[in-house]
1. Please identify the pairs in which a residue from the range 8-34 that is touching a residue at least 24 places away in the same chain (Cβ under 8 Å) has its Cβ atom under 6 Å from the Cβ atom of a residue that is surrounded by 14 or more Cβ atoms within 10 Å (Cβ to Cβ) and assigned to a loop (DSSP other than H, G, I, E, B), counting only partners at least 6 apart or on another chain.
Amino acid sequence: MIKYDRLWETMKEKGITQYDLYTRYNVNRSQLDRLRHNKNVQTNTIDRLCNILHCRVEDIMEHFDDNNFF
């Protein structure tokens, strides 16, 4: 399972709010909702967030073992 709890911590450290993401950086609100609920997001969304926050992927998301096998 992928969790995005680190995203919210990184945003707080960088002083960027969800409001900033959708008004200033044009991040779709539905994408923020998907991140908030640890749902699937496209890799280009992760890439955009890394560019906006000037951070690494590890600063946004974390993997936890679960029973999700292909």
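None of the figures in this text is laboratory data; all of them are computed from the coordinates on show. On a predicted model such as this, the values are computed, not experimentally measured, just so you know. As a convention, Cβ positions derive from the backbone with ideal geometry for all residues, glycine included, and neighbour counts pool all protein chains shown.
1. Short answer, once both residue conditions are applied: Thr10/Cys55; Leu21/Val27.
Yes/no matrix, rows are residues, columns are (1) out of contact with any Lys or Arg (no Cβ under 9 Å at 6 or more places or on another chain); (2) among the acidic types (Asp, Glu); (3) exposed (fewer than 14 other Cβ atoms within 10 Å of the Cβ):
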| position | (1), (2), (3) |
| --- | --- |
| Lys3 | yes, no, yes |
| Arg6 | yes, no, no |
| Thr10 | yes, no, no |
| Ile16 | no, no, no |
| Asp20 | yes, yes, no |
| Arg34 | yes, no, no |
| Gln42 | yes, no, yes |
